[in-house]
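All remarks here apply to the structure that follows.
The values are calculated or read from the model by the stated rules, or taken from the named source; none is laboratory data. Computed from a prediction, not measured in an experiment: that's the story for all the values here. Glycine gets a Cβ as well: all are built from the backbone with ideal geometry, and neighbour counts include every protein chain shown.
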Ligand SMILES: Cc1cc2nc3c(=O)[nH]c(=O)nc-3n(C[C@H](O)[C@H](O)[C@H](O)COP(=O)(O)OP(=O)(O)OC[C@H]3O[C@@H](n4cnc5c(N)ncnc54)[C@H](O)[C@@H]3O)c2cc1C
């Protein structure tokens, strides 16, 4: 059978299996588990969907079968995504486990580390946090100071991480730590996996501008981490950690090929605004300049989606390199423009924080606009992505 026929076969089988097995409650907007043992999956269909998909290896379809995946090719992965989207099902599992540290272990881990971690990640056993940023290490990430002291079989960790998303619900955290203070800063860093359920690790929530906050400061006081859980060689954490960032950015850029991605398609902003203002005489949709901005944004968003698909189809590696930075910068700009335009089109009703004068939809729009400010910061700011593009794509000097 030729490649096209094989792929059609795979599509037919996939469609049949999904029709038979996807529970009704796993379709449409709703919960997507990320593995945390501290958050119970509220809905039985969501839990069943995770179990069934993990059984097929379809929480991480492109991972090898021996590590909990299904060994799908990129083309098969894209067919599976399309078929899942076609029936409006949610991703069965998400999070930093299958999307950030999983592919990093797949690329850099020893056979023992792969055997220890990957299958449980694929089943969603354990919620993962990211321990990169520190009070004095954000864009200048190589400045991390969290100290790891060699104690034989373990490292003793002392120091602080900040902006730890989901920290209060985390079971594990992958951390960039300083294992050598005597060498240039990029050369004394290691990436290590740390159990968050130990007395030496403490998390403290930090409030966000949008009001919601599973966002934390994480302190380490004589916490321990197994030496066997250093991913990549000791002191090679700068290269391993940068690769993990590419996996993270491939999620933000919508070109991840590890886990199945969030499937809900955003409604057209033109439709959203028209629907809201249609009933009102003289609503802002009648304003020509707003209409022009809406249409321009819609066209750019569609081109962006087509570019995402092209990048996914063309790239050979699991995480595309510089294309990820380009897409992340553009995607962040479009998301911010979209939420800003949405909020502005509501006029003064779009700036309510709480109170009876505002509908729940208006309040949600304000909060979405505020939380969207973060998209050009997390995973490396847009300025840092532009620096990467300038150096690695355009070859410009430092
Ligand atoms: C919602 C959210 C979730 C996050 N989750 C996590 C998480 O789970 N784990 C984690 O480790 N971190 C997390 N972060 C932290 C994030 O990675 C950092 O905020 C980001 O890397 C920027 O670092 P900083 O905040 O220290 O800003 P700074 O590095 O202090 O930057 C301040 C400003 O200066 C600019 N700037 C700095 N250096 C340069 C330069 N060389 N050239 C041009 N401009 C420059 C930046 O672009 C930025 O505008 C999260 C952040 C947010 C907003």
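Condition first: within 16 Å of the ligand (Cβ to nearest atom) and at pLDDT 90 or above. Can you find one or more residues in segment 294-303 that meet it?
Here is the first cut: in segment 294-303, the residues within 16 Å of the ligand (Cβ to nearest atom) are none.
No, that holds for no residue.
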Query raised in the report: Among the listed residues 388, 351, 377, which satisfies the condition of being within 13 Å of the ligand (Cβ to nearest atom), over 17 Å from the mean Cα position of the chain (by Cα) and in the same structural domain as residue 274 (by TED's automatic domain parsing)?
Result: 388
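Would you please name the residue that is nearest to the ligand (Cβ to nearest atom), looking only at residues in segment 94-120 that are touching a strand residue (DSSP E or B) at 6+ places or on another chain (Cβ under 8 Å), assigned to a helix (DSSP H, G or I) and within 24 Å of residue 41 (Cα to Cα)?
So the first thing to find is which residues in segment 94-120 are touching a strand residue (DSSP E or B) at 6+ places or on another chain (Cβ under 8 Å), and the list is 95-97, 100-101, 104-105, 108-109, 113, 117.
Subset that is assigned to a helix (DSSP H, G or I): 96-97, 100-101, 104-105, 108, 113, 117.
Going one step further and asking which of them are within 24 Å of residue 41 (Cα to Cα), we end up with 96-97, 100-101, 117.
Details: 96: 8, 97: 13, 100: 10, 101: 12, 117: 19 Å.
Result: 96.
Does residue 331 satisfy being within 16 Å of the ligand (Cβ to nearest atom), at positive phi and either more than 16 Å from the chain's Cα centre (by Cα) or crowded, with 18+ Cβ neighbours inside 10 Å (or both)? If you could, list the steps in order and put the result at the bottom.
Details: within 16 Å of the ligand (Cβ to nearest atom): yes; at positive phi: no; either more than 16 Å from the chain's Cα centre (by Cα) or crowded, with 18+ Cβ neighbours inside 10 Å (or both): yes.
Criteria not met by residue 331.
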**Report entry** Unique match (being modelled with pLDDT of 95 or more, in a strand (DSSP E or B), within 12 Å of the ligand (Cβ to nearest atom) and more than 17 Å from residue 240 (Cα to Cα)) among 162, 149
**Finding:** 162
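Sort through 315, 324 and tell me the only one that's surrounded by fewer than 18 Cβ atoms within 10 Å (Cβ to Cβ), touching a residue at least 40 places away in the same chain (Cβ under 8 Å) and under 30 Å from residue 74 (Cα atoms). Don't jump to the end; show me each part of the working.
On the way: 324 fails: surrounded by fewer than 18 Cβ atoms within 10 Å (Cβ to Cβ).
After ruling out the rest, the residue left standing is 315.
Out of curiosity, is residue 172 within 16 Å of residue 202 (Cβ to Cβ) and more than 9 Å from the ligand (Cβ to nearest atom)?
Working: within 16 Å of residue 202 (Cβ to Cβ): yes; more than 9 Å from the ligand (Cβ to nearest atom): yes.
Criteria met by residue 172.
Residues are listed down the side, and each one gets a yes or a no for (1) away from the ligand (no atom under 13 Å from the Cβ); (2) closer than 11 Å to residue 148 by Cα; (3) touching a residue at least 24 places away in the same chain (Cβ under 8 Å); (4) touching a helix residue (DSSP H, G or I) at 6+ places or on another chain (Cβ under 9 Å):
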site	(1), (2), (3), (4)
180	yes, yes, yes, yes
183	yes, no, yes, no
192	yes, yes, yes, yes
196	no, no, yes, yes
200	yes, no, yes, no
209	no, no, yes, yes
216	no, no, yes, yes
220	yes, yes, yes, no
232	yes, no, yes, yes
